[in-house]
Every structure is written in C-alpha cells, then in structure tokens.
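Student: Encoded as structure tokens, here's the structure I'll be asking about.
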Amino acid sequence: MKRVNQPAVAVIPFLGVSKLDLSSFLNVDLEVFSKSDLHPLVAAMGSKVHVHYLGTEFRLFKAYVDLVQQPKTPEIGIIRFCRLIQKLPPSARELWDRAKSRSFDIGIEAPKWGSYYWSAVGPEAIRAAGDVKAQIAITVYAPVKTVKKGKSIRGAKPSE
C-alpha cells in the first residue's frame with residue numbers, strides 16, 4: 001500500500017488556512033497496571049525503554065515507560081512496543097498477560113492557534129496492539145507557553 005504524503009497546508013472551515021504542525025506528536029508511552037510486581041517485566045525490556053515510574057498507584061503496581069529511541073509517528077511507536085513485548089521471555093510475558101491494564105498512550109501537544117496535527121494509526125499497529133491485548137490511548141497536553149525574558153505567565157518560566 002502506497003502512503004500519501006500529509007498536506008503541508010489545509011483549509012479548515014471557518015478558520016481559513018491552517019498549517020500542519022508535525023512537532024505536536026511527543027511520544028508513545030506504555031502504562032501497565034497489575035496486581036503483581038512489574039519490576040521483572042521492565043527489567044526484561046532492558047535498555048530499549050526509559051522508566052518514568054515503577055511503583056504502586058491505586059493499590060496496584062504500575063510501570064510507566066517510553067522507548068529510548070523515540071518514534072517519528074504514533075504508529076511506529078506502537079509497533080516497536082508490540083515487537084518488544086512479543087520477544088519477552090516467558091516469565092515476563094506472563095506478567096504482561098496477567099496485567100489488569102495495558103495502554104499505549106499517544107502523547108500529543110495541542111498545536112498553536114492556526115495550525116493542526118493529524119495522524120492515523122493503521123491496521124498493522126491496531127492488530128499488533130490487539131494481539132498483545134493492549135489498548136491505545138491518546139493524551140493531549142496544553143501547548144507549552146513561551147514568554148519573553150523578564151516576563152512571567154502562570155505555569156511558564158521566562159526564557160533565558
């Protein structure tokens with residue numbers, strides 16, 4: 001199947017011309033909740049993941065990781081995670097399979113006014129996520145506020 005390049009400019013009704021903001025995609029995180037300790041699962045993933053959190057939350061064990069090699073698209077990130085999970089040793093795979101929740105969380109920063117972000121997750125990634133019994137989630141973060149030196153806006157640090 002041939003891929004079509006994403007347009008650089010699109011007309012959105014009532015907004016006029018809008019520019020595609022490819023920098024809005026941040027990453028794909030993996031979030032796992034389980035009744036079992038997840039340290040062995042994360043250890044089995046090795047140096048391919050960066051651990052954001054490994055502990056307990058909501059009276060369950062939680063692992064929150066992302067890929068060390070950041071993907072360029074959500075689809076690539078999901079497929080890489082699925083391949084990593086499929087290669088887990090049996091004991092780690094059993095921990096994965098027994099988990100209460102498994103989510104590939106696509107992180108997106110809301111684009112600035114007048115621009116948009118578009119992406120699709122294709123059938124290969126959707127099938128791969130289903131094969132490892134994981135859901136695909138989307139988190140949209142507010143745009144990062146930028147301010148001029150010496151001025152401050154709540155929640156933003158002045159640039160230096």
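The values are calculated or read from the model by the stated rules, or taken from the named source; none is laboratory data. All figures in this text were calculated on a predicted structure; none of them were measured in a lab. Cβ coordinates were reconstructed from backbone atoms using ideal geometry, including for glycine residues, and neighbour counts include every protein chain displayed.
Student: All but one of (1) of a type in the set (A, V, I, L, M); (2) surrounded by 13 or more Cβ atoms within 10 Å (Cβ to Cβ); (3) not in a strand (DSSP E or B) hold for ALA43; state the number of the condition that does not hold.
Tutor: Against the list (1) of a type in the set (A, V, I, L, M); (2) surrounded by 13 or more Cβ atoms within 10 Å (Cβ to Cβ); (3) not in a strand (DSSP E or B), ALA43 comes up short only on (2).
Student: Could you list, ordered by first residue, the pairs with Cβ atoms under 7 Å in which the first is in the range 59-75 and closer than 13 Å to MET45 by Cβ and the second is modelled with pLDDT of 95 or more and of a type in the set (Gly, Ala, Ser), at least 6 apart or interchain?
Tutor: The qualifying pairs are LEU67/GLY77; VAL68/SER47.
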